[in-house]
Amino acid sequence: MSTAPTATGGDGPVPPPRTSVPGAAASPSIDGTEAAASSAVDGSAAGAVGGVDWPIGVPAAEPVVADVEPGRVRWDPAERRARASQSFWTAVVGVPAIFSVLRLGVEAGGELQTTLLLVANVGPVNLLAGFLTTAARLLSTGMVAVFALGAVLAVSADRLPPGTRRRPLFARWADITPAWVVLASFLLALITWPLLYLPLLLPAFVAAFQLRPGRLHERVAPRVLLIVALLAGYGWLVLPTLRDAVDQGGERLVLALIVVPPLLALLIAGPLPGMVIRPLASVTEVAVLAMLVWAALPVISTPVLPLTVTTVGAENGPTEDVRGHVVTTDDVNMVILQEQGGVRYVPVALVRAQVLCPSEEELPRHRLRIHDFHVEDSLLEGLGRRVRPVHRIDAACRTPG
């Protein structure tokens with residue numbers, strides 16, 4: 001009898017894994033070696049299995065070999081979700097920090113000493129406030145795009161056979177993101193996007209939450225009435241703007257942005273064909289990355305400090321307008337980062353006047369309004385202009401031709 005130990009449990013001995021069936025011919029084991037056949041079988045007392053005496057009537061465990069593709073590692077679903085969550089939050093936290101540092105470098109014109117001067121005088125609170133006011137639009141755009149595309153890819157991948165394909169990255173991000181985060185991203189976009197682009201949130205919201213028309217009502221007639229009522233309300237809201245756009249002419253982009261998104265929202269929800277999921281996932285990931293890079297260039301180049309025109313000169317003498325951004329002011333000098341480059345130290349005693357000026361990007365390009373809100377203003381900007389209307393631009397702010 002063999003002296004090999006046998007595992008025991010609460011109900012008796014537990015069968016060890018075996019490499020062959022008792023009484024059968026020897027067969028190759030899992031690692032490719034030949035398993036030794038049983039030398040003898042005692043029909044009255046016990047049987048020998050793999051060199052271990054085993055009672056008759058107790059089945060021995062068969063080896064279980066996972067059908068895994070050679071050279072491919074199968075990740076645990078929980079580990080995949082954890083890795084996707086880490087990558088998502090790393091992007092959400094790390095991108096704003098990187099953008100803030102890059103903005104200071106661009107603001108300084110790429111000069112090391114000027115960059116150090118800005119770092120020493122621009123506090124983290126001011127830098128964060130400047131980033132949120134200018135880059136919140138970019139951040140919300142990226143999140144809305146990821147959640148909308150991720151939800152469509154996720155519901156499409158769920159229709160495929162299990163284990164057929166690896167889930168797309170955006171689909172995994174959409175799976176691990178709480179619903180309140182998705183809602184918060186849409187609310188951030190609602191208050192920071194220009195009114196001209198707000199209609200794009202309609203198909204994005206429908207895609208992110210998979211709001212199919214069938215979910216409005218189970219019967220067809222009430223469902224159609226609800227859709228018509230929603231479109232009528234939207235038409236009442238934007239009809240005056242559409243009339244002005246048609247009368248002014250050359251506003252095709254405005255017309256497309258107002259008319260197309262509500263119609264697209266009726267068709268965007270639902271799964272996609274399985275054959276287009278993988279190509280579409282790759283294309284959308286590259287497209288979203290390219291869009292963010294393209295939209296990030298203006299954000300990085302947006303000044304951190306306010307633009308001012310400072311009138312400098314001695315009493316009863318000629319004056320000079322210094323156009324630039326005030327970095328800091330002490331009892332002796334006012335440090336101005338000039339718009340055309342370079343740092344200028346102006347004695348405080350020579351400062352005669354100073355006005356705040358808008359940048360060229362803030363000047364309106366369209367003459368359209370939606371119920372007293374300019375189409376290029378966000379809801380926050382529009383409400384702010386109602387509280388404190390825009391003042392006339394000072395003549396000193398106009399750059400010489």
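The values are calculated or read from the model by the stated rules, or taken from the named source; none is laboratory data. Here the structure is a predicted model, which is why all the values come from computation and not from measurement. When we count neighbours, we look across all protein chains shown, and the Cβ atoms used for this are built from the backbone with ideal geometry, even at glycine. Ligands, DNA and RNA are excluded from the accessible area calculation, which covers all protein heavy atoms including side chains. Shrake-Rupley method; radii C 1.70, N 1.55, O 1.52, S 1.80 Å.
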Test each condition in (1) surrounded by fewer than 18 Cβ atoms within 10 Å (Cβ to Cβ); (2) basic (Lys, Arg); (3) within 15 Å of the chain's Cα centre (by Cα) for ARG172 and report the one that comes out false.
(1)
What tally of residues in region 232-257 results from selecting those that are open to solvent by less than 50 Å² (accessible area, probe 1.4 Å) and in contact with a strand residue (DSSP E or B) (Cβ under 9 Å, 6 or more places away or on another chain)?
2
From the set of residues in region 357-372 that are surrounded by 12 or more Cβ atoms within 10 Å (Cβ to Cβ) and hydrophobic (A, V, I, L, M, F, W, C), which is nearest to GLN338 (Cα to Cα)?
CYS357
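Could we say that VAL286 is surrounded by fewer than 18 Cβ atoms within 10 Å (Cβ to Cβ), more than 25 Å from THR115 (Cβ to Cβ) and not acidic (Asp, Glu) here?
On the way: surrounded by fewer than 18 Cβ atoms within 10 Å (Cβ to Cβ): yes; more than 25 Å from THR115 (Cβ to Cβ): yes; not acidic (Asp, Glu): yes.
Considered against the rule, which asks whether it is surrounded by fewer than 18 Cβ atoms within 10 Å (Cβ to Cβ), more than 25 Å from THR115 (Cβ to Cβ) and not acidic (Asp, Glu), VAL286 comes out as yes.
For (1) open to solvent by less than 80 Å² (accessible area, probe 1.4 Å); (2) modelled with pLDDT of 75 or more; (3) assigned to a helix (DSSP H, G or I), each residue gets a yes or a no:
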{"position": "VAL68", "(1), (2), (3)": "yes, no, no"}
{"position": "GLY94", "(1), (2), (3)": "yes, no, yes"}
{"position": "ARG103", "(1), (2), (3)": "yes, yes, yes"}
{"position": "GLY109", "(1), (2), (3)": "yes, yes, no"}
{"position": "ASN126", "(1), (2), (3)": "no, no, yes"}
{"position": "ALA129", "(1), (2), (3)": "yes, no, yes"}
{"position": "LEU132", "(1), (2), (3)": "no, no, yes"}
{"position": "ARG137", "(1), (2), (3)": "no, yes, yes"}
First in region 251-270 and among the small types (Gly, Ala, Ser), second anywhere and open to solvent by 50 Å² or more (accessible area, probe 1.4 Å), Cβ under 9 Å, 6 or more apart:
ALA265/LEU202; ALA265/PHE205; ALA265/LEU211; ALA269/PHE209; ALA269/LEU211; ALA269/ARG212; ALA269/ARG215; GLY270/ARG212
Can you work out which of the residues in region 300-341 that are assigned to a strand (DSSP E or B) and in contact with a Gly (Cβ under 8 Å, 6 or more places away or on another chain) is surrounded by the most Cβ atoms within 10 Å (Cβ to Cβ)?
ILE336
All positions within region 307-354 that are within 23 Å of VAL122 (Cα to Cα) and of a type in the set (Asp, Glu)
ASP330, ASP331, GLU339
In region 112-149, which residues are touching a strand residue (DSSP E or B) at 6+ places or on another chain (Cβ under 9 Å) and not β-branched (Val, Ile, Thr)?
GLN113, LEU117, LEU118, ALA120, ASN121
Would you point out the residue of region 179-222, among those that are over 15 Å from the mean Cα position of the chain (by Cα) and hydroxyl-bearing (Ser, Thr, Tyr), that is farthest from VAL152 (Cα to Cα)?
THR192
Does LEU216 satisfy the condition of being in contact with a Lys or Arg (Cβ under 7 Å, 6 or more places away or on another chain) and of a type outside the set (Phe, Trp, Tyr)?
yes
Quick one: in region 354-394, of everything that is of a type in the set (A, V, I, L, M, F, W, C) and in contact with a helix residue (DSSP H, G or I) (Cβ under 8 Å, 6 or more places away or on another chain), which residue is nearest to LEU132 (Cα to Cα)?
LEU380
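Only one of ALA396, ALA296, ALA353 is surrounded by 13 or more Cβ atoms within 10 Å (Cβ to Cβ), among the aliphatic types (A, V, I, L, M), within 30 Å of GLY142 (Cβ to Cβ) and out of contact with any Lys or Arg (no Cβ under 7 Å at 6 or more places or on another chain). Can you tell me which?
ALA296
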If we keep just the residues of region 342-372 that are under 19 Å from GLY109 (Cβ atoms) and part of a loop (DSSP other than H, G, I, E, B), which is modelled with the highest pLDDT?
GLY342
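Does region 273-282 contain at least one residue that is open to solvent by less than 50 Å² (accessible area, probe 1.4 Å) and out of contact with any Leu (no Cβ under 7 Å at 6 or more places or on another chain)? Break it down stepwise before answering.
Of all residues in region 273-282, those open to solvent by less than 50 Å² (accessible area, probe 1.4 Å) come to 274, 277, 281.
Okay, now just the ones that are also out of contact with any Leu (no Cβ under 7 Å at 6 or more places or on another chain), so none.
There is no residue in region 273-282 that is open to solvent by less than 50 Å² (accessible area, probe 1.4 Å) and out of contact with any Leu (no Cβ under 7 Å at 6 or more places or on another chain).
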